[in-house]
Amino acid sequence: MSSFIKLLKEVSIEDVSEVGGKNASLGEMIQTLTSKGIKVPGGYVVTASAYRYFLKQQKLDKVIQQTLHGLDTKNLSVLAEKAKQIRNLITQTPFPNDLGEEIKKAHISAEKEYGKGADFAVRSSATAEDLPGASFAGEHETYLNISGVENILEAIRKSMASLFTERAISYREDKGFDHLKVALSVGVQKMVRSDLACSGIIFTLDTETGFPNTIVINGTWGLGELIVQGQITPDEYLVFKPTLNKPKPKTLKTFFKGDFYKPIINKKLGVKHKKMVYDSVGASPTKIISTSEKEQLNFVLTDEEVLILANWAKQIEDHYSKKYQKWTPMDIEWAKDGKTNQLFIVQSRPETVHAGKDHSLVLEYILKDSAKPLISGAAVGNKISTGKARVIKNVSDIRQFQKGEILVTEVTDPDWEPIMKIASAIVTDKGGRTSHAAIVSRELGIACVVGTEKATQIIKTGQELTVDCSGSEGIVYAGRLKFQIEKHDVSKLPKPKTKIMLNIATPESAFEKSFLPNDGVGLAREEFITASEIGIHPQAILNYASLDEKIKNKIKGKIVGFSDPREFYIEKLAFGIAQITSAFYPKPVLVRLADFKTNEYRSLIGGEAYEPVEENPMIGWRGASRYYSEEFNQAFLLEIQAFKKVIDEFGLDNLQILVPFCRTVEEGKKVIKLIEENGLARKNHPNLNIYVMCEIPSNVILAEDFLEIFDGMSIGSNDLTQLVLGIDRDGNQKIRGIANENDLAVKELISQVIKICKDKKKYIGICGQAPSDYPDFAAFLVTEGIESISLNPDSLIKTLKRVYQEEQK
């Protein structure tokens with residue numbers, strides 16, 4: 001092979017200057033990772049030397065230089081005109097004879113290997129592309145399902161011309177790259193027939209927060225271009241790295257098959273109403289068609305396939321981290337061949353947004369005003385932005401956009417990038433967290449809400465908006481709401497002797513909050529998972545077959561993608577618990593068993609049939625009394641199976657169980673018996689502890705007896721205060737001001753129970769609201785010698801400082 005052509009299997013990451021990042025990475029994987037079972041399609045590369053030779057021999061380089069001299073990329077009309085001139089020049093100029101013959105020879109050779117008329121993907125790869133610190137993702141074009149020598153030659157010229165799209169020119173200007181020093185190679189890679197199956201993207205970190213211990217896999221039916229374009233919302237799978245391929249302890253008796261953990265810690269079914277496939281008759285080699293109802297209602301990958309891809313992704317990340325001698329998270333494209341049912345890796349490049357980010361500096365965006373949301377979707381990033389809306393539905397109208405406006409559109413692609421760079425925020429109707437809008441917004445560091453469905457219908461141009469991505473959901477409000485930004489350098493915070501833990505409500509916030517200084521989670525509220533992710537009463541799950549058709553239909557709508565209601569309930573609960581538990585692994589995470597009151601259970605689908613109407617649910621049928629009752633114990637076992645899945649299948653043995661509202665020691669014994677007889681015996685799970693909430697006066701009075709059966713206590717100051725002082729915390733506002741957790745009666749009981757737990761050498765912590773609300777109360781706890789204080793994330797830093805100061809006295 002000449003310097004113009006290289007086989008993919010001949011190149012490696014050292015050849016970036018000649019073959020570009022994409023092609024060098026493909027060659028690197030073929031050379032080093034295919035021996036480990038990772039499948040990568042082969043092909044050949046038209047090198048950067050060939051590109052430069054083409055431009056020089058045909059005198060295109062001088063014309064390009066003259067055309068771009070003095071260009072102002074902010075003048076969009078001039079930018080568009082000059083970019084089009086250059087592209088036309090490149091596509092209409094034939095290759096020099098010697099270069100054209102080299103390409104033809106290479107392709108005839110490839111057809112001998114893969115069959116005459118075989119289909120190929122033609123992908124451009126810039127020499128400055130896909131390197132740590134520079135992201136050209138989506139800047140240059142890909143041509144799919146190309147066959148025949150003449151079509152290949154045309155596609156290669158088009159790929160070369162794509163170095164001079166408006167967005168590519170603008171990107172290089174912004175990054176300071178010389179247009180003629182950034183050369184371009186073209187990879188011609190055997191197509192994987194994913195049009196007959198599925199394809200997608202993998203990130204070896206959480207794309208929103210940079211959390212390093214998870215692998216995010218997205219997938220859709222057909223060719224994967226629709227994911228990046230944001231035309232569909234893909235399926236999403238999360239896999240936990242630390243327990244991936246980790247062998248289970250031999251002593252662990254489990255009904256989950258296999259010798260290794262299978263840590264698929266979340267699965268979300270996408271909205272896949274269309275797919276891209278080959279078009280054998282039209283002018284374009286691909287077309288977009290509607291998916292079948294079956295395709296829309298099912299995940300694109302089996303669990304086994306998810307784990308294969310996750311293993312490959314982990315191996316690729318490990319390889320490149322070793323190569324670059326630093327942690328190198330990866331952005332990977334995968335495809336499944338519908339003819340052979342085999343999985344392939346078709347691209348891999350370093351992730352560039354979070355890889356070098358310093359997580360010791362925490363920026364906290366806090367919304368200070370309240371308003372009714374206009375619309376919501378998936379949050380990208382964690383910022384809040386305000387500005388005037390500009391609704392644009394067609395890329396031909398982007399010249400109307402003004403700097404600092406909020407872009408509201410159906411979907412973006414690379415043609416929108418010149419205005420995305422000057423937007424204060426972006427809101428789209430379509431797309432998921434790996435869509436083009438999401439990827440670019442992350443890189444630009446702006447707030448973005450994707451997948452709102454109706455933003456372009458509800459929002460009007462000129463309307464003042466606030467785009468809030470500070471929570472787990474992206475919300476758009478009317479008007480400019482007040483917000484503040486707090487900066488925290490967690491590396492400079494003191495380390496108290498008292499353990500500082502976090503209260504976590506929603507799984508979606510866990511990865512982000514894990515970067516705060518912490519010793520684990522003192523309270524994870526299971527009922528938030530049940531309400532938001534499940535929404536169905538557990539007894540309606542168990543009695544699904546005999547339910548009213550109206551209720552059945554509501555449940556059917558919820559459980560799409562799962563084999564039956566029971567599997568849906570257990571998996572969804574396990575996923576929510578696992579996302580929190582994995583975020584803080586291996587630190588302890590105390591998950592409180594569901595503590596819904598009867599009125600809250602009634603609000604779930606089917607709940608009215610199973611719940612009594614109580615005058616005061618706060619002191620009614622809740623907590624332990626519910627779990628062992630004849631009416632509810634089978635529903636409680638669904639919870640236990642979810643906990644068991646998290647520990648025994650996912651390998652998250654940092655999970656601890658917290659039993660709420662346990663009125664008597666006898667109740668505690670009954671609940672523990674149910675837990676241990678149904679697969680979570682502590683003798684078989686050496687890291688498992690079962691704690692009890694100390695939130696009823698009887699828990700303090702009989703603390704020594706409770707500690708005979710429980711491994712420790714976590715003080716619930718909210719309930720303890722209302723029961724000690726007789727103040728309903730959800731009741732009459734007129735009596736709310738009488739007293740609070742600082743009352744001497746409450747403190748006296750807390751002081752007693754801390755002493756008893758310490759004497760018994762049992763765990764004692766607090767997870768109630770008091771230390772978050774009252775710094776003096778936190779100081780009191782330190783004086784009493786409490787082991788841990790669990791805080792709301794927004795009050796953690798100020799309370800941590802106060803705790804440390806108190807310890808120094």
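The values are calculated or read from the model by the stated rules, or taken from the named source; none is laboratory data. Computed from a predicted structure; not experimentally measured. Neighbour counts are summed over all protein chains in view; Cβ atoms, including those assigned to glycine, are modelled from backbone coordinates with ideal geometry. Each accessible area value is taken on the protein alone, full model and side chains, heavy atoms only, with ligands, DNA and RNA left out. Shrake-Rupley method; radii C 1.70, N 1.55, O 1.52, S 1.80 Å.
For LYS669, a cut-off of 15 angstrom between C-alpha atoms picks up these aspartates and glutamates, skipping any fewer than 8 places away in its own chain: GLU677, GLU704, ASP705, GLU708, ASP711.
Each Lys and Arg adds +1 at its Cβ and each Asp and Glu adds -1 at its Cβ; summed about the Cα centre, region 660-809 shows a dipole of about 240 debye.
In the complete set of protein chains, residue-level accessible area for GLU101 is approximately 90 Å², probe 1.4 angstrom. Extending 7 Å from the Cα toward the beta-carbon at both LYS9 and LYS809 defines two label points whose distance is 7.4 nm. Below 8 Å, C-alpha to C-alpha, sequence gap of six or more: please give me the relative contact order for region 313-387 in percent. Contact order relative to length: 19 percent.
When the Cα positions of GLY765, SER348, VAL665 are compared along the charge dipole of the chain, SER348 comes out farthest toward the positive end, with charges on each C-beta of Lys, Arg, Asp and Glu.
Kirkwood analysis of region 626-682, using all unique Cα-Cα pairs, places the hydrodynamic radius at 11.9 Å.
Binning the C-alpha pair distances of region 509-641 at 10 Å intervals from 0 yields a P(r) profile of 12, 40, 32, 14, 2 %, listed from the shortest bin outward. For region 71-76, the Karplus equation 6.51 cos²θ - 1.76 cosθ + 1.60, evaluated at θ = phi - 60°, returns couplings of 5, 9, 5, 7, 8, 5 Hz by residue, with Gly and Pro reported as x. For the chain, the longest principal axis of the Cα atoms and the long axis of helix 303-324 meet at an angle of about 70 degrees.
Could you work out the relative contact order of region 161-281, using alpha carbon pairs under 8 angstrom and six or more residues apart, expressed as a whole percent?
RCO, region 161-281: 21 percent.
Computed about its Cα centre, the charge dipole of the chain is approximately 1300 debye, with only Lys, Arg, Asp and Glu carrying charge at their Cβ. May I ask which of LYS314/LYS798; LYS487/LYS758; LYS587/LYS798; LYS372/LYS747 have a Cα-Cα span longer than 32 Å here? Going by Cα-Cα distance, LYS314/LYS798; LYS487/LYS758; LYS372/LYS747 fall outside the 32 Å limit. Cross-link pairs exceeding 28 Å between alpha carbons, from the set LYS84/LYS116; LYS116/LYS430; LYS670/LYS755; LYS59/LYS323: LYS84/LYS116; LYS116/LYS430; LYS59/LYS323. Only DSSP H runs of four or more residues enter the estimate; each adds -39500 (n - 2.57), and after division by the residues of the chain the mean residue ellipticity at 222 nm equals -10000 deg cm²/dmol. By the rule of a C-alpha distance below 23 Å, with chain neighbours fewer than 8 residues away ignored, the lysines paired with LYS556 are LYS267, LYS268, LYS272, LYS274, LYS294, LYS572.
For region 369-508, the alpha carbon convex hull comes to 130 Å³ per residue, rounded to a whole number.
What size of dipole, in debye to the nearest 20, comes out for region 302-428 about its Cα centre when the only charges are +1 on Lys and Arg C-beta atoms and -1 on Asp and Glu C-beta atoms? Present the calculation step by step, with values, prior to reporting the outcome.
Details: 17 positive and 18 negative charges, 105 e Å.
Once rounded to the nearest 20, the dipole reads 500 debye.
Kirkwood radius and radius of gyration were both taken over the C-alpha atoms of region 534-602, and their ratio Rg/Rh is 1.05.
With the simple spin-label model, which puts each label point 7 Å out from Cα in the Cβ direction, the LYS673 to GLN58 separation comes to 8.4 nm. At q = 0.11, 0.18, 0.21 Å⁻¹ the log10 of I(q)/I(0) for region 443-564 amounts to -0.69, -1.12, -1.23, computed by Debye summation with a single uniform scatterer per C-alpha, solvent ignored.
What does the C-alpha gyration tensor say about the overall shape of region 634-740? Classify as rounded when a/c is under 1.5, otherwise prolate if a/b is larger than b/c, or oblate. Prolate shape, in that a/c is at least 1.5 and a/b is the bigger ratio. Once Lys and Arg get +1 and Asp and Glu get -1 on their Cβ, which of PHE632, LEU71, ILE227 lies farthest toward the positive end of the dipole of the chain? In the chain, that residue is LEU71. For region 48-186, taking Cα atoms only, Rg and Dmax work out to 15.5, 49 Å respectively.
Counting only alpha carbon atoms, the long axis of helix 665-677 and the longest principal axis of the chain meet at about 40°.
Can you bin region 333-417 into rounded, prolate or oblate? Criterion: square roots of the alpha carbon gyration tensor eigenvalues sorted a ≥ b ≥ c, rounded for a/c under 1.5, prolate for a/b above b/c, oblate for the rest. The shape class here is oblate.
Report the equivalent ellipsoid semi-axes for the chain in whole Å, largest first, defined as the square roots of five times the eigenvalues of the gyration tensor built from alpha carbon atoms.
Working: eigenvalues 575, 162, 123 Å².
Result for the chain: semi-axes of 54, 28, 25 Å.
Of the residues ARG52, ARG525, ARG626, the one with the largest accessible area comes first in the ranking ARG52, ARG525, ARG626, computed with a 1.4 Å probe on protein heavy atoms. The heavy atoms of ASP174 offer some 90 square angstrom of accessible surface to a 1.4 angstrom probe. Please give every one of the aspartates and glutamates within straight-line cross-link reach of LYS368, meaning a C-alpha to C-alpha distance under 15 Å, and leave out same-chain neighbours fewer than 8 residues apart. Correct list for LYS368: ASP468, GLU486, ASP794.
With both partners inside the chain, how many of the DSSP beta bridges are antiparallel, as a percent to the nearest 5?
Numbers: 79 of 117 bridges.
Restricted to the chain, the bridges split so that about 70 percent are antiparallel.
With r as the distance between the Cβ atoms of LYS454 and LYS550 and R0 = 35 Å, compute the FRET efficiency 1/(1 + (r/R0)^6) and round to 0.05. With R0 = 35 Å, the Cβ-Cβ based efficiency is 0.85. Helix 149-161 axis versus longest C-alpha principal axis of the chain: approximately 70°, rounded to the nearest ten. What region 448-515 shows is 46 Å² of accessible area per residue, with the surface traced by a 1.4 Å probe over protein heavy atoms. Length, then width, then depth: along the principal axes, the Cα atoms of region 271-406 run 55, 47, 31 Å.
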